[in-house]
Amino acid sequence: YVQQSVEHYKTLSGIECIKNSSTPYVPDGSLHPDNDQDRGQLGDQAASILMKILWAARLARPDLARACNKLTTKVQSWSSNDDRRLRRLVEYMQFSTDWVLQGFVCDIGRDVELWLFVDADLAGETDSTKSSSGAWLVLVGPSTWLPLTWLHVKQTATSKSTTEAE
């Protein structure tokens with residue numbers, strides 16, 4: 001499905017060949033602020049591409065969730081910089097096409113428990129200074145590791161400290 005998403009991007013963007021990237025994020029400082037004012041070429045197709053990526057992120061690729069969620073907030077005001085961000089995400093997807101989420105269950109019910117990992121950042125959104133929260137729920141046992149669900153959410157208010165963001 002990830003490869004289909006890459007092909008969907010290539011078809012709608014008209015780009016035939018893209019490189020691989022080991023991260024879904026454009027390096028800091030490589031986007032020119034003036035390009036946030038210019039309408040991006042993929043403005044009309046962005047929603048279609050992002051919905052396909054979101055489906056993969058929701059089902060089996062939590063590593064795509066944050067980058068994709070950030071881009072979905074820009075659909076109504078798509079810019080040239082967002083074109084670059086989306087291309088970088090697709091380059092990362094092409095690099096990691098064969099990555100899969102794996103889990104295994106080899107214990108009986110009384111030997112397993114739920115573990116919840118949570119975290120937040122402070123002012124991780126540079127344009128709004130809002131924090132992001134993340135969570136990872138796993139079924140764990142001596143011979144069990146099964147990811148059940150995950151989330152990435154932008155907080156609704158700006159936090160003043162790390163403690164408040166957490």
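The values are calculated or read from the model by the stated rules, or taken from the named source; none is laboratory data. Computed from a predicted structure; not experimentally measured. Every residue, glycine as well, gets a Cβ built from its backbone with ideal geometry; the counts of neighbours run over all protein chains shown. Just so you know, the surface numbers come from the protein's heavy atoms only, side chains and all, with ligands and any DNA or RNA stripped out. Shrake-Rupley method; radii C 1.70, N 1.55, O 1.52, S 1.80 Å.
Before moving on, here are some points about what is shown:
- Each residue in the range 137-155 was checked for being aromatic (Phe, Trp, Tyr) and open to solvent by 60 Å² or more (accessible area, probe 1.4 Å), and 1 of them qualify.
- Looking only at residues of the range 16-40 that are among the aliphatic types (A, V, I, L, M) and in contact (Cβ under 8 Å) with a residue 60 or more places away in the chain, we find that the one that is most open to solvent (accessible area, probe 1.4 Å) is Val26.
- Residue match in the range 42-53 (condition: open to solvent by less than 40 Å² (accessible area, probe 1.4 Å), over 13 Å from the mean Cα position of the chain (by Cα), within 21 Å of His152 (Cα to Cα) and among the small types (Gly, Ala, Ser)): yes
- Within the range 34-55, being in a helix (DSSP H, G or I) and touching a Ser or Thr at 6+ places or on another chain (Cβ under 6 Å) holds for Asn35, Asp36, Leu50, Lys52, Ile53.
- Residue that is nearest to Val6 (Cα to Cα), among those in the range 94-114 that are open to solvent by less than 100 Å² (accessible area, probe 1.4 Å), of a type outside the set (Val, Ile, Thr) and more than 18 Å from the chain's Cα centre (by Cα): Gly103
- Residue in the range 74-93 that is most open to solvent (accessible area, probe 1.4 Å), counting only those that are polar (S, T, N, Q) and under 20 Å from His32 (Cβ atoms): Ser77
- Meets criteria (over 17 Å from the mean Cα position of the chain (by Cα), closer than 22 Å to Ala57 by Cβ and of a type outside the set (Lys, Arg)) for Leu86: no
- Output for the range 142-166, where each listed residue is in contact (Cβ under 8 Å) with a residue 12 or more places away in the chain, among the β-branched types (Val, Ile, Thr) and closer than 16 Å to Leu122 by Cβ: Val153, Thr156, Thr158, Thr162
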